[in-house]
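Chemist: I am attaching a structure below and will ask some questions about it afterwards.
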Amino acid sequence: PRLCVVGSGPAGFYTAQHILKHHGGARVDIYEKLPVPFGLVRFGVAPDHPEVKNVINSFTQTARSERCAYYGNVAVGRDVTVAELQQAYHAVVLSYGAEDNRVLGIPGENLSGVYSARAFVGWYNGLPENRDLKPDLSCETALILGHGNVALDIARILLSPLGLLRKTDITDSSLAALACSKVKRVWLVGRRGPLQVAFTIKELREMINLPGTRPVLNPADFTGLENAVKDAPRPRKRLTELMIKTALEKPGQKMTEMQAVAAQAAAPREWGLKFQRSPQEVLPTADGRRVRGVRMALTRLEGSGDSAKAVPTGDVEELECGLVFSSIGYRSLPLDPAVPFDTQRGVIPNSSGRVEGVPGLYCSGWVKRGPTGVIITTMNDSFDTAQSVLEDLQVGVLDVSTSREGFGAVESILRSRGVRPISFSDWEKIDATEVARGKAAGKPREKIVDLQEMLQLIGH
């Protein structure tokens, strides 16, 4: 069987890995629109979380398998259609992730100084499309709308001592911009309460322990929560207990004035969580160009636990800030008119990864289940889709009796359209260059952020 996977992030690689491992004869081709592989492992995971990027080692082994091939710099839907891939392969798996962000849908969202979390993360992680973002970091207070791990990543990058960031694979130009940053206060704002935050305890603990920075949590937000969380699942319970402990531990009461001044000097930067506030409008400066704050509707919660809904109370408040990040989630886009797409949920309608109504077409990862979860969630999800493919091969739903040409057929289509794919060994040349440049600067790698430079490097 000849199979292909569209997208080379964790979903694509785990799907390919599982199929190759459990079917001794299958060949899998992986297509990627960028020259470089690994998706959000390269462009999403924070630079100061290198251990999370170790999965790249197993993906590299998969790509080097003689039954697997990688074709970068090929945009499916533009350079080759899904229908053309279906002609060339026995099965096609769409694993292209979520390449857009959800919008707030409020006035002022497009003012200068308002950025999507996605674009900012892409900027400091060297995603070519975000290299010219040039975020204005000249204000003291930044506001992040959202209470997920990405929101905490952004707060941490904004407030981290430069010495810590300098040793990571953060891009050179982002590091230079952060070195000039005036941001010293970051508020993370959510529509719901402490029991509904989406970040995890590891990320929260990291933020609480960030050198030179102190957490500002309002004890009133946490009163009575010990009881509410008694019977909650263990991860939620531990997370809430850590927030309560941080909010209620007030060294200030026992300190002399001099000690307080010294503590303030030791932690010149601060961050805090604000709850039950829903953004209504981004407020402009007098000239109407830049952001000067956000008007929030105060909310109350209806229901409890993860399903609680935030309902406006009618009260509002304004928060002053010169920088706003909207971190309310990523969003998948339809790839090709031939593929069914649920625009409401932002996913391809499927059951266990089998695309509804299109035999031989599958999906895995965020485009299958929505943009949630960490790499391990995507791994299990991709194994589930791969299992569906293997079952369909076994029972004959996929007809392998007719031979398919695979990349041979696609290559001539691409050539006729002037598209030259990039091989995995091409990527390894780019990789080696990045690692060498990083070594010279005392960091794991210095990412190349310019597509033209990547292509020149491999003589493309």
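The values are calculated or read from the model by the stated rules, or taken from the named source; none is laboratory data. Here the structure is a predicted model, which is why all the values come from computation and not from measurement. Reconstructed Cβ throughout: ideal geometry from the backbone, glycine too, with neighbour counts over all protein chains shown. Side chains are part of the model used for accessible areas, which takes the heavy atoms of the whole protein and leaves out ligands, DNA and RNA. Shrake-Rupley method; radii C 1.70, N 1.55, O 1.52, S 1.80 Å.
Chemist: Would it be correct to say that Gly406 is open to solvent by 60 Å² or more (accessible area, probe 1.4 Å) and small (Gly, Ala, Ser)?
Modeler: no
Chemist: Ok, one more. Would you confirm, using the coordinates I've provided, whether Ser382 is closer than 18 Å to Val28 by Cβ, small (Gly, Ala, Ser) and either assigned to a loop (DSSP other than H, G, I, E, B) or in contact with a Pro (Cβ under 8 Å, 6 or more places away or on another chain) (or both)? Don't jump to the end; show me each part of the working.
Modeler: Numbers: closer than 18 Å to Val28 by Cβ: yes; small (Gly, Ala, Ser): yes; either assigned to a loop (DSSP other than H, G, I, E, B) or in contact with a Pro (Cβ under 8 Å, 6 or more places away or on another chain) (or both): yes.
Spelling it out, Ser382 is indeed closer than 18 Å to Val28 by Cβ, small (Gly, Ala, Ser) and either assigned to a loop (DSSP other than H, G, I, E, B) or in contact with a Pro (Cβ under 8 Å, 6 or more places away or on another chain) (or both).
Chemist: Among the residues that make up the stretch 96-108, is at least one of them within 21 Å of Gly365 (Cα to Cα), in contact with a Gly (Cβ under 8 Å, 6 or more places away or on another chain) and aliphatic (A, V, I, L, M)?
Modeler: yes
Chemist: On to the next question. If Pro312 meets every condition in (1) touching a His at 6+ places or on another chain (Cβ under 8 Å); (2) closer than 28 Å to Gln196 by Cβ; (3) not hydrophobic (A, V, I, L, M, F, W, C) apart from one, which number is that one?
Modeler: Failing condition for Pro312: (1).
Chemist: Only residues in the stretch 394-411 that are free of Cβ contacts under 8 Å to residues at least 40 places away in the same chain count as the first member; pair them with residues that are assigned to a loop (DSSP other than H, G, I, E, B), Cβ under 8 angstrom, at least 6 apart or cross-chain, and list the lot.
Modeler: Within 8 Å, the pairs are Val397/Pro359; Glu411/Pro421.
Chemist: Tell me which residues, restricted to the stretch 321-346, are open to solvent by less than 30 Å² (accessible area, probe 1.4 Å) and over 25 Å from Gly190 (Cα atoms).
Modeler: The answer is Asp336, Val339.
Chemist: For the stretch 50-71, which positions are in contact (Cβ under 8 Å) with a residue 24 or more places away in the chain and in a loop (DSSP other than H, G, I, E, B)?
Modeler: Ser65, Arg67
Chemist: So which of Val5, Val74, Val41 is open to solvent by less than 10 Å² (accessible area, probe 1.4 Å) and either touching a Leu at 6+ places or on another chain (Cβ under 7 Å) or free of Cβ contacts under 8 Å to residues at least 12 places away in the same chain (or both)?
Modeler: Just one listed residue meets the conditions, Val74.
Chemist: Does the stretch 178-189 contain any residue that is polar (S, T, N, Q) and more than 15 Å from Gly44 (Cβ to Cβ)?
Modeler: Of the stretch 178-189, the ones polar (S, T, N, Q) are 181.
Now drop any that are not more than 15 Å from Gly44 (Cβ to Cβ), which leaves 181.
Within the stretch 178-189, one or more residues are polar (S, T, N, Q) and more than 15 Å from Gly44 (Cβ to Cβ).
Chemist: Conditions: (1) assigned to a helix (DSSP H, G or I); (2) open to solvent by 10 Å² or more (accessible area, probe 1.4 Å); (3) under 24 Å from Ile157 (Cβ atoms). Tyr115 meets all but one. Number of the miss?
Modeler: Looking at each condition in turn, Tyr115 falls short on (1).
Chemist: Among the residues of the stretch 87-104, which ones are part of a helix (DSSP H, G or I) and open to solvent by 50 Å² or more (accessible area, probe 1.4 Å)?
Modeler: Of everything in the stretch 87-104, just one residue is part of a helix (DSSP H, G or I) and open to solvent by 50 Å² or more (accessible area, probe 1.4 Å), namely Gln87.
Chemist: Sticking with this structure for a sec: Do we find a residue being in the same structural domain as Tyr14 (by the TED database), touching a Leu at 6+ places or on another chain (Cβ under 9 Å) and at negative phi anywhere in the stretch 52-60?
Modeler: no
Chemist: Which condition number in (1) open to solvent by 90 Å² or more (accessible area, probe 1.4 Å); (2) modelled with pLDDT of 95 or more; (3) of a type in the set (Asp, Glu) is the one that Asp306 fails?
Modeler: (2)
Chemist: Does Pro349 count as open to solvent by 20 Å² or more (accessible area, probe 1.4 Å), over 26 Å from Arg64 (Cα atoms), at pLDDT below 95 and in contact with a strand residue (DSSP E or B) (Cβ under 7 Å, 6 or more places away or on another chain)? Can you show your working first?
Modeler: Working: open to solvent by 20 Å² or more (accessible area, probe 1.4 Å): yes; over 26 Å from Arg64 (Cα atoms): yes; at pLDDT below 95: no; in contact with a strand residue (DSSP E or B) (Cβ under 7 Å, 6 or more places away or on another chain): yes.
No, not satisfied.
Chemist: Considering only the stretch 274-352, give the strands (runs of 3 or more DSSP E) lying wholly within it that have at least 2 residues that are β-branched (Val, Ile, Thr) and in the same structural domain as Ala142 (by the TED database).
Modeler: Ranges flagged: 291-302, 309-320.
This table checks each residue for (1) under 15 Å from the mean Cα position of the chain (by Cα); (2) without any contact (Cβ under 8 Å) to a residue 40 or more places away in the chain.
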site	(1), (2)
Arg331	yes, no
Asp336	no, no
Phe341	no, yes
Ile348	no, no
Gly353	no, no
Val358	no, yes
Leu361	no, no
Gly365	yes, no
Ile375	yes, no
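Chemist: Can you tell me which of (1) within 26 Å of Gln280 (Cα to Cα); (2) in a loop (DSSP other than H, G, I, E, B); (3) of a type in the set (D, E, K, R) is the one Asp132 doesn't meet?
Modeler: With respect to (1) within 26 Å of Gln280 (Cα to Cα); (2) in a loop (DSSP other than H, G, I, E, B); (3) of a type in the set (D, E, K, R), Asp132 is out only on (1).
Chemist: Scan the stretch 409-429 and give yes if some residue there is open to solvent by 60 Å² or more (accessible area, probe 1.4 Å), more than 30 Å from Gln86 (Cα to Cα) and assigned to a helix (DSSP H, G or I), otherwise no.
Modeler: yes
Chemist: Here is a follow-up. Here's a check for you: in the stretch 8-38, which residue that is of a type outside the set (A, V, I, L, M) and within 20 Å of Ser401 (Cβ to Cβ) is most open to solvent (accessible area, probe 1.4 Å)?
Modeler: Per the criteria, the residue is Arg27.
Chemist: Can you name the residue in the stretch 120-155 that is within 21 Å of Arg166 (Cα to Cα) and free of Cβ contacts under 8 Å to residues at least 40 places away in the same chain and is also surrounded by the fewest Cβ atoms within 10 Å (Cβ to Cβ) among such residues?
Modeler: Asp132
Chemist: A follow-up question, please. If we keep just the residues of the stretch 182-232 that are part of a helix (DSSP H, G or I) and either in contact with an Asp or Glu (Cβ under 7 Å, 6 or more places away or on another chain) or β-branched (Val, Ile, Thr) (or both), which is nearest to Pro268 (Cα to Cα)?
Modeler: Ile208
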